[in-house]
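Taken together, the values in this text are just the output of simple stated rules run on the coordinates, not laboratory data. These numbers were taken from a predicted model, which means no experiment stands behind them. Positions of Cβ are backbone-derived with ideal geometry, glycine not excepted, and every protein chain shown enters the neighbour counts.
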Amino acid sequence: MDLTEGTPEEKRVRSKKMMLWFGIGSLIMSFAAWASAFLVSKKQRLDKDWLTNFDLPSAFLISIAVIVLSSFTFILAKNALKHGNRQMTSVWLMTTFVLGLVFIFNQFEGFNQIIEDGHYFTGSSSNITVTYIYFIAAAHIAHVVVGLICLLVVIYNHFKQKYSANNMLGLELAGNFWHFVDILWICLFLFLYFFK
């Protein structure tokens, strides 16, 4: 299908979706670059100061369950809106938002567990392995915060009755970004778990 075809509204919808996918593509490249830097540093420092016996905090694993659950609640919100159930849409959107906050709380709990093990981001007790883990997790948290801001906008617009079964572009865009951030954390956790 030619991207220039269709009504002005169809073109607007396509352009917004395409902008989101370009943004997601750039984020994938950024995190891939950081993962590559992690692997290169590991190879160069394996015989020096790279931690080989470091276990990721259990709070990071709990975060996976929380973030996956939040994706399901977002899907439930979208389905409720499709069926015209505005009350359940509100419930599921708010639940998704709360789960996002719980995810961030668990991430900071993970940082606390790392500190309790005697590893810090900077200073004499830091090392390059843990510094990378802090940085990658913190960069992901920043994107979850962006997702939460998007969710707040969606919740506000939902209460203003801007969405319906025939008009849910904002909710769909926020949902796609939220699902991407969820999948990204799973991939990052698995990467850090298997390649640390």
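Worth a mention:
- Between the listed residues Asn106, Val68, Ser124, the Cα displaced farthest toward the positive end of the dipole of the chain, a dipole computed from Cβ unit charges relative to the Cα centre, is found at Val68.
- Lys, Arg +1 and Asp, Glu -1 on Cβ, resulting dipole of the stretch 8-195 about Cα centre, debye, nearest 20: 920
- Counting other Cβ atoms within 10 Å as a rough exposure proxy, the listed residues Ile28, Ile67 run Ile28, Ile67 from fewest neighbours to most.
- Residue-averaged 222 nm ellipticity for the chain, from DSSP H runs of 4+ at -39500 (n - 2.57), nearest 500: -28000 deg cm²/dmol
- Cross-linked pairs Lys17/Lys160; Lys82/Lys160; Lys16/Lys162; Lys17/Lys78: Cα-Cα separations exceed 19 Å for Lys17/Lys160.
- Highest mobility in the GNM of the chain, judged by mean-square fluctuation with C-alpha springs under 10 Å and restricted to Gly170, Gly118, Gly110, is found for Gly118.
- Exposure proxy ranking, count of Cβ atoms within 10 Å, fewest first, for Cys150, Cys187: Cys187, Cys150
- By the count of other C-beta atoms within 10 Å, a proxy for reagent exposure, Thr89, Thr52 are ordered fewest to most as Thr52, Thr89.
- Selection from Tyr163, Leu51, Ile183, by position along the positive dipole direction of the chain (Cβ): Tyr163
- The Cα-based radius of gyration of the chain, divided by its Kirkwood radius, gives an Rg/Rh of 1.06.
- Under 28 Å of direct C-alpha separation, and excluding same-chain neighbours fewer than eight residues apart, Lys43 reaches these lysines: Lys196.
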